[in-house]
Every structure is written in structure tokens, then in C-alpha cells.
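The structure under discussion appears below in the form of C-alpha cells.
The values are calculated or read from the model by the stated rules, or taken from the named source; none is laboratory data. Treat the numbers as computed from the prediction; the structure is a model and nothing was measured. Methodologically, a virtual Cβ is constructed for each residue, glycine included, from the backbone with ideal geometry; neighbour enumeration extends over all protein chains shown. Calculation scope for accessible area: heavy atoms of the full protein, side chains included, ligands and nucleic acids excluded. Shrake-Rupley method; radii C 1.70, N 1.55, O 1.52, S 1.80 Å.
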Amino acid sequence: MTSSDIVSPQQSASPNTPEARGDAYRKQGRIEQAIRSYLEAVTFPLSPALCLKLARCYDKLEHHSDACKWALSLVEAGDDYTTWLTAWTLFQRHADQGGWPKLRSAKVAMVSSYTTTQLCPLLQLAAARLGIHIDLYESHYGQYQQDIIDPGSRLYAFAPNIVILAVHEGDLRLPEYSSTPEQDIRTEVDRWTALWKLVAERAQARVIQHNFALPCEVPAGHLATRLPGSRYMMTQAVNMRLGEAAGHAVSLVDCERLSALIGKRQWCDPRYWNLSKQAVALEALPLLARHTAAVIAADLGLSRKCLVLDLDNTLWGGVIAEEGLAGIKLGQGPDGEAFLAFQEFILKLKRKGVILTVCSKNNYADAIQPFEKHPEMRLTLQDIALFIANWESKPDNIRRIADTLQIGLDSLVFVDDNPVERDIVRTFLPEVDVLPLPEDPAYYTRALSQYLSLETASLTAEDTERADQYRARAQIKELEAAAGSIEDFYHSLRMQALVTPFDEAQLPRIAQLIGKTNQFNLTTRRHGMPQLTAFIRSSDYVHLALRLRDRYTDHGLVSVMIARCEGELLDIDTWLMSCRVIGRTVEATMLEHLCRHAAQLGCTVLQGTYIPTQKNAMAAEVYAKHGFEPFNQVKEQHLWRYDLKARGPIANPFVKSVAAWESVDGTS
């Protein structure tokens with residue numbers, strides 16, 4: 001699609017369609033009538049032309065939020081470079097007028113080995129679509145090494161949270177052929193990891209590196225794949241070794257995969273390189289911007305984490321209540337193979353920590369039959385954290401899923417073959433993301449694989465066990481409803497806690513919690529891996545990580561606290577808890593252990609800070625609830641203090657602190 005196709009779409013609109021009527025109204029200056037007609041024409045997947053028309057109409061009326069909404073919709077609607085730039089201009093004009101509620105802000109430095117002037121605004125637009133405001137520093141062309149190595153550079157003066165290394169294959173210091181490939185590969189990997197280390201030490205910033213897209217010009221041809229010392233093979237090895245070296249500390253954008261996805265000849269156009277040292281072609285920049293923004297969102301804890309799955313014609317072909325086990329399409333024939341592949345892909349997402357739930361308009365007894373009895377079924381009931389099959393509205397059932405699992409609606413992704421149900425959820429639950437499944441089930445897996453809000457920054461043990469933990473949460477809800485009193489409920493859970501200082505092995509999970517926890521998060525200070533490492537090494541800080549176990553499951557590491565010792569004052573800098581265990585008295589156990597550390601350090605006063613946000617109101621009273629007194633209350637920041645001498649240490653009778661897990665009957 002060319003820019004002219006989008007900028008002047010009136011030419012292609014049929015004369016009697018709502019879009020054509022909107023075009024006519026717009027020419028007459030009747031903007032409100034044009035908007036009504038354009039909205040009538042909206043279908044999914046979105047038309048880039050229609051999105052741009054709506055954004056421009058709302059721009060004329062100075063309706064800031066709607067202008068931002070439709071400008072940002074172009075990020076998902078198409079990949080035309082000119083249209084993205086137009087959308088960025090429109091978005092900037094209205095975002096500053098309060099038209100866009102940002103979820104997070106990040107100071108991002110783009111340091112590069114090629115010209116990134118065209119990429120930067122597209123990255124900011126793609127990030128804004130995910131709720132992220134980027135304050136951007138762009139280094140001069142080819143100055144990435146100088147900026148990183150020089151401690152007095154403008155990069156460090158900018159004090160970024162994230163540093164993007166936007167580099168290309170031509171910057172690799174590899175010969176066309178090497179007689180010592182292993183040595184050359186190791187030297188090149190060491191060069192890049194040394195730069196990562198400098199950024200972590202000097203800026204305490206997260207590094208996101210673009211790996212190296214192999215060129216389509218290969219002098220050795222197919223022979224290159226048989227020569228370990230060819231530049232072609234060494235580049236692949238460098239990519240692999242960088243992935244291994246990155247671990248949990250550095251994020252990678254897989255440009256080699258992206259270039260294969262769009263096509264090598266489209267990824268890099270020699271004309272752009274010769275004209276302006278542009279290593280990624282303009283046509284490929286929206287794709288690169290979208291994926292880089294998704295990795296930034298994952299690093300900031302903004303990924304979605306729960307799939308809400310329909311059943312009939314989504315997980316299998318046909319209607320189970322009408323066609324029975326033998327009649328549904330699953331595993332046999334082209335459609336059956338497609339549904340099988342879709343289930344297998346969903347299962348892989350579950351293994352990386354995505355929660356699976358079911359929301360189906362169905363009789364429950366019919367809905368569970370394939371899970372229990374169909375021989376080709378890949379998903380089992382044990383894979384599903386919450387299974388809802390009834391005849392209530394899907395928005396109501398989705399709210400129930402969020403409430404039962406105690407996660408926000410903005411954590412959910414709705415997957416349903418029925419476009420009517422998708423529109424209903426979009427209308428009544430705008431916080432829920434809706435996956436636009438194609439009509440042909442053969443393309444379901446591809447559609448889900450190209451959905452980027454399930455990106456994750458790391459993979460921890462807690463991620464692989466998440467389905468069991470959330471299924472346990474649903475069981476605990478049932479137990480709570482049946483308990484005679486709240487005290488009986490707490491005692492019946494037989495909760496145990498392991499509370500320890502941070503260690504290196506825990507840091508990926510701790511960073512993950514700090515990045516994504518919003519509801520019970522007293523200050524929402526987003527410390528990354530470099531800062532956490534600094535806390536461990538400093539004697540001025542107390543740092544606590546709590547693992548919780550009960551009669552149903554091991555919930556893993558669910559709460560984090562960081563406090564700074566300042567004479568007799570122990571000041572809580574960061575305190576957060578996973579939504580999985582809210583309402584379980586875990587907060588009292590964290591304070592109990594903080595009191596013990598305060599006594600060891602000679603501190604007599606605990607100080608806590610509550611910084612209100614749009615999402616953490618539930619934590620507003622936690623200090624008051626545990627005996628803290630207000631010390632300095634202002635709108636932006638509330639300070640609380642607890643006098644250990646006067647009040648004594650805090651204790652929690654409902655959670656047993658242990659040095660090692662005990663069995664549920666109290667034996668080791």
C-alpha cells in the first residue's frame with residue numbers, strides 16, 4: 001500500500017457507503033456528520049484510511065482524546081511510513097492538551113551506528129499506543145561507542161532508564177572469512193557485553209540491543225552455510241552468543257527474525273544507505289518501532305498476561321453441544337489440523353507464564369467434554385486457571401474472571417471467532433484487548449503469534465507455575481465464601497512464609513514484580529536490575545523478598561520491600577505485593593520482618609511513603625492499618641511513621657514464618 005492510497009482514500013470509496021458519505025460531508029465542512037458516517041463504516045481489522053480520516057476530523061474539532069485515539073489506532077492498522085508520521089504529528093498536537101492518559105514514562109536513549117532520525121518518532125508513537133510516554137535522547141550518527149565509553153557524555157547527562165543500541169550488521173568487526181572464527185566471535189561478543197556493562201554501571205539503565213539482521217548479499221552464496229569461518233555463519237553465532245550473554249539483564253530485539261518476516265530486500269534498501277546511512281528501509285521502520293516498543297513495554301511491566309478463550313470454532317471447529325465429540329473438527333482434516341496447531345501454540349504461551357481462562361456461551365457439561373474425553377485435545381482442564389461456561393453475557397463473565405483471579409481488566413486478551421462477541425467486548429470492556437481472529441482457522445496461530453502485548457522481559461520459575469497459582473486462587477475464593485469468620489479463613493489456609501534478603505538468583509523475578517505491580521505498590525518506583533544489584537551491595541539498605549505457600553499451592557515470590565537505614569530511621573523506599581495474595585495478611589508479615597531488621601540495626605522508627613496513583617488506592621490505608629501515624633501528608637506524597645519503642649514490633653498470627661518449607665500438618 002502506498003501513502004497516496006491512504007492520504008487520498010476518497011477515490012476508492014464506493015459512492016453509497018458510509019465512508020463515501022463521510023467523505024462528502026467532510027468536503028462540505030460538516031465534520032460532525034462526517035464523523036458519524038465514518039464511525040458507522042468502522043470494521044475490524046481497522047482500515048488505515050478510515051483511522052486517518054477520523055483522526056483528522058477530530059483534529060479539526062479539537063476533540064483531543066478522540067484525535068489521539070484514532071491517531072494511535074494507526075499503529076495497529078497498517079505499516080505505511082508516511083501515515084505513521086502523519087499520525088505522530090496529530091498525536092503530538094493533542095496529547096499535550098490532556099487527550100492521552102499515559103500509563104508510564106521512560107527516559108529512553110537511542111544510541112546507534114546508523115541514522116535513526118526517521119525511527120525515533122515512530123518508536124514514540126508505537127510506545128504511546130501501549131501507554132508509554134518516551135522522553136527521547138538521540139545520539140549523533142555512529143557515536144554509540146563514544147557515548148557509552150565517555151563518562152561525561154550527553155548520554156549519561158540525560159540519565160536514561162533505557163538505552164537502545166540500534167546497530168546493524170555492517171558494524172560487526174568480523175572479516176568476510178576467518179581462519180580463527182571462534183576467537184573472532186568471542187572477541188566481538190566481548191565488545192558488545194562490555195558496552196552493556198558500562199551502561200549498567202554508569203547509568204543503571206536497562207539495555208535493549210537490536211541484534212544483527214543478516215544481509216541478502218552473501219558473496220559465498222550457499223557455500224557460506226558450510227564454512228564456520230564465513231562472516232555469514234559468524235554473524236549468526238554472534239547473535240546466538242549475545243542472547244546467551246543477555247540473560248535477564250539485557251533485552252534483545254530480534255532484527256534477524258524481523259528482517260526475515262518482512263523480507264530481506266525490504267528490510268535494507270541500498271538507496272537509503274547510500275543517501276543517508278539509513279540501515280533499515282523506511283518501509284520496515286514501523287515494524288521495527290512496533291516490536292521495539294513491545295520490548296520496552298515488557299521491560300516496564302505493561303505486558304498483558306491472561307488469555308480469555310472462547311471454545312466453539314475457536315479451540316475446535318463446530319459446536320460441541322450440537323455435533324458432539326465425534327462431530328467437532330480437531331486433529332483431522334485441514335481445519336482440524338489448524339485448531340490443533342492453535343491449541344499447541346496456546347499451550348506454549350502458557351508455559352512461558354500466560355494465564356489461560358475459558359469464557360464460553362455453553363452448557364458447562366458440554367463445554368468440558370473435549371477437555372476430558374477428546375483424544376486430540378492438547379489443552380487440559382489443568383491448564384485452565386478458571387473455566388466459565390454459561391449463558392450470561394461475555395462482558396459479565398470476563399469481569400468475573402478478572403475479579404476471581406484478582407487481576408485488572410487491562411491484563412486480559414479476549415480470543416473469540418465471533419465478530420459480534422468481539423464488538424460487544426470492545427464496546428463494554430474497552431480495557432480488554434480483543435484479538436481480531438481471521439475467518440480461516442489456518443491463520444489463527446499466526447494472528448496470535450503476531451500479537452505483541454504478550455512479550456515478556458524474562459522467564460522465571462514463577463512464570464511456568466502461574467496457571468497452578470491462579471487456579472489455586474479460584475479455590476481460595478470458594479474457601480473464603482464458606483468460612484465462618486475471616487480469622488477462621490486465614491487459619492484454614494495454613495500459610496507459611498519464607499522471608500529472605502535479596503540474592504542474585506531472585507533478581508529477575510524481583511525486577512519483574514517491581515516493573516509490573518501497580519495495585520499494591522506504595523511508591524511505584526521502578527527499580528531495574530542495575531539498581532537492585534546496587535541495593536544488594538550496599539550496607540545502607542534492607543531488602544526483603546517473601547515467598548508464600550498455603551494448603552493449595554506455592555505462590556512463589558510475591559512481595560518485595562526495600563528500606564534505607566538513616567540513623568535511627570528505617571525509611572521504606574519500595575514496598576509491593578503481587579495481586580495474587582492481596583487480602584491474605586502478607587503485608588503484616590513483611591512489616592514483622594522489617595521490625596526485626598530495624599532492631600538489629602538500632603533503628604527505632606519506621607517510615608513509610610505512599611504516593612497515590614490511578615491504580616494503587618487499595619494500598620492507601622496499609623500504614624494506618626498497622627499502627628503508623630501520619631507524619632507529613634501532602635497531595636503528591638503521604639509520609640507515615642511507626643515508633644518501635646512506644647508500640648513494639650508488629651506481628652502476624654496468621655502466617656507462620658519458616659526457615660524452610662514445612663508440610664501442611666506442621667512437620668518438616
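Counting only the heavy atoms of the protein chains, how much of R494 is accessible to a 1.4 Å probe, in Å² to the nearest 10?
Approximately 110 Å² for this residue.
In whole Hz, what ³J(HN,Hα) sequence does the stretch 563-574 give by Karplus (6.51, -1.76, 1.60; θ = phi - 60°), x for Gly and Pro?
Working through the residues one at a time gives 9, 10, 8, 10, x, 8, 9, 10, 9, 7, 7, 9 Hz.
Calculate the dipole size of the chain relative to its Cα centre from +1 charges on Lys and Arg beta carbons and -1 charges on Asp and Glu beta carbons; express the result in debye to the nearest 20.
Here the size comes out at about 1060 debye.
Mind grabbing the accessible area of V167 for me, 1.4 Å probe, Å², rounded to tens?
Around 10 Å² of this residue is reachable by solvent.
If you average the C-alpha positions of the stretch 101-165 and of the stretch 305-342 separately, how far apart do those two centres end up, in angstrom?
Cα centroid to Cα centroid, the span is 45 Å.
What accessible area, in Å² to the nearest ten, does a 1.4 Å probe give for S393?
Taking all protein chains as shown, S393 has close to 50 Å².
Using only the Cα atoms of the stretch 396-470, construct the convex hull and provide its projected area averaged over every direction, in square nanometres to one decimal.
5.9 nm²
Could you grab the Rg to Rh ratio for the stretch 92-190? Cα atoms only, Kirkwood for Rh.
My calculation of the ratio gives 1.11.
Near the amide H of K656, under 5 Å away, which other amide H atoms are found, from residues 5 or more places off or on another chain, if H is placed in the peptide plane?
Residues meeting the criterion, in which the H sits 1.01 Å from N, are M495, Q496, A497.
Relative contact order for the stretch 145-212: what percent, with Cα pairs under 8 Å and sequence separation of 6 or more?
Answer for the stretch 145-212 is 51 percent.
In nm, to one decimal, how far is the K656 label point from the Q33 one, both placed 7 Å along Cα→Cβ?
If labels sit at K656 and Q33, their model points lie 7.6 nm apart.
Going from most exposed to least, what order do Y177, Y137, Y541 have by accessible area with a 1.4 Å probe?
Accessible-area ranking of Y177, Y137, Y541, largest first: Y177, Y541, Y137.
Test of the criteria: in the stretch 155-250, which trypsin sites (Lys or Arg not before Pro) are in a DSSP loop and have at most 14 other Cβ atoms within 10 angstrom of their Cβ?
Taking the stretch 155-250 and a limit of 14 other Cβ atoms within 10 Å, the loop trypsin sites (Lys or Arg not before Pro) found are R173.
Amide H of L557 versus every other amide H placed in the peptide plane: which residues, excluding those fewer than 5 positions away on the same chain, fall under 5 Å?
none
What are the principal axis extents of the Cα atoms in the stretch 1-150, in Å, biggest first?
Principal-axis extents of the stretch 1-150 (Cα, largest first): 63, 32, 25 Å.
Set the bar at 21 Å for Cα to Cα. Now go through K69/K102; K305/K394; K305/K656; K27/K60 and name every pair that lies beyond it.
Check vs 21 Å cut-off fails for K305/K656.
Mind putting a number on the dipole of the stretch 103-197 about its Cα centre? Charges go on the C-beta only, +1 for Lys and Arg and -1 for Asp and Glu, and I need it in Debye to the nearest 20.
500 debye
Treating the beta-carbon of each Lys and Arg as +1 and of each Asp and Glu as -1, no other charges, what is the dipole magnitude of the stretch 165-311 about its Cα centre, to the nearest 20 debye?
That gives a dipole near 200 debye.
Using the Karplus curve 6.51 cos²θ - 1.76 cosθ + 1.60 with θ = phi - 60°, work out ³J(HN,Hα) for each residue of the stretch 263-278 in order, rounded to whole Hz, and write x for Gly and Pro.
Whole-Hz 3J(HN,Hα) from phi for the stretch 263-278: x, 4, 6, 8, 5, 10, 10, x, 4, 5, 5, 5, 7, 9, 6, 9.
Express the C-alpha Rg of the stretch 318-360 as a ratio against the empirical globular expectation 2.2 N^0.38 Å, rounded to two decimals.
1.34
Taking the dipole about the Cα centre of the chain, with the C-beta of Lys and Arg at +1 and of Asp and Glu at -1, give me whichever of A157, T613, L172 is farthest to the positive side.
Looking along the dipole axis, the top candidate is A157.
Please report, to two decimal places, log10 I(q)/I(0) for the stretch 199-346 at q = 0.09, 0.21 Å⁻¹ as given by the Debye formula with identical point scatterers on the Cα atoms and no solvent.
Each listed q maps to, in turn, -0.51, -1.23.
Can you give the Rg to Rh ratio of the stretch 330-429, both from alpha-carbon atoms, with Rh computed by the Kirkwood formula?
0.96
How large is Rg over Rh for the stretch 133-261, taking Rg from the Cα atoms and Rh as the Kirkwood inverse mean of 1/r across Cα pairs?
Over the Cα atoms of the stretch 133-261, Rg/Rh equals 1.00.
Roughly what percent of Cα-Cα pairs across the stretch 517-668 reach past 26 Å?
That fraction is 26 percent.
Provide, for q = 0.16, 0.27, 0.33 Å⁻¹, the log10 of I(q)/I(0) from a solvent-free Debye sum over equal Cα point scatterers in the stretch 358-405.
-0.46, -1.02, -1.21
Can you tell me the accessible area per residue over the stretch 96-180, all protein chains present, probe 1.4 angstrom, in square angstrom?
Computed with neighbouring chains in place, this is 42 Å² per residue.
Quick one: Karplus J couplings for the stretch 204-209, per residue in order, coefficients 6.51, -1.76, 1.60, θ = phi - 60°, nearest Hz, x for Gly and Pro?
For the stretch 204-209, the Karplus-derived couplings read 6, 10, 6, 9, 10, 10 Hz, x marking Gly and Pro.
Could you give the semi-axes, largest first, of the ellipsoid that matches the stretch 615-667, computed as the square roots of 5 times the alpha carbon gyration tensor eigenvalues and rounded to whole Å?
Computed over the stretch 615-667, the values are 32, 16, 8 Å.
Calculate, for the stretch 522-621, the solvent-accessible area per residue in square angstrom, rolling a 1.4 angstrom probe over the heavy atoms of the protein chains.
Per-residue value: 34 Å².
State, in angstrom, two size descriptors of the chain derived from its alpha carbons: Rg to one decimal place and Dmax to the nearest whole number.
27.1, 81
Which value in nm describes the separation of the simple spin-label points at Q637 and E322, placed 7 Å from the Cα toward the beta carbon?
For the pair Q637/E322, the computed spacing is 6.3 nm.
Among DSSP beta bridges lying fully in the chain, give the percent that are antiparallel, nearest 5.
45 percent
If I compute solvent accessible area with a 1.4 Å probe over the protein chains, what percent of it on the stretch 163-265 is carbon and sulfur?
Result for the stretch 163-265: 53 percent of the exposed heavy-atom area is carbon or sulfur.
Below 8 Å between Cα atoms, with a sequence gap of 6+, how large is the relative contact order for the stretch 541-582 in percent?
33 percent
For n ≥ 4 DSSP H runs only, could you compute -39500 (n - 2.57) per run for the chain, divide by its residues and tell me the 222 nm figure to the nearest 500?
When only DSSP H runs of four or more count, the value is -13000 deg cm²/dmol.
To the nearest µm²/s, what D does Stokes-Einstein give for the stretch 540-602 at 10 °C and 1.306 mPa s, using the Kirkwood radius over alpha carbon pairs as Rh?
128 µm²/s
Quick check: convex hull of the Cα atoms in the stretch 25-96, volume per residue, rounded to a whole Å³?
Here the figure is 76 Å³ per residue.
Given N residues in the stretch 261-413, what is Rg(Cα) / (2.2 N^0.38 Å)?
1.38
For the stretch 199-307, what is the accessible area per residue in Å² when the probe is 1.4 Å?
Normalised by residue count, the accessible surface of the stretch 199-307 is 42 Å².
Report, by chain and number, residues whose modeled amide H sits under 5 Å from the one on E138, excluding near sequence neighbours (fewer than 5 apart, same chain).
When sequence neighbours closer than 5 places are left aside, the close amide H contacts are M110.
Taking +1 at the Cβ of each Lys and Arg and -1 at the Cβ of each Asp and Glu, which of W273, T589, A293 sits farthest along the dipole of the chain towards its positive end, judged by Cα position relative to the Cα centre?
The Cα lying farthest towards the positive end belongs to W273.
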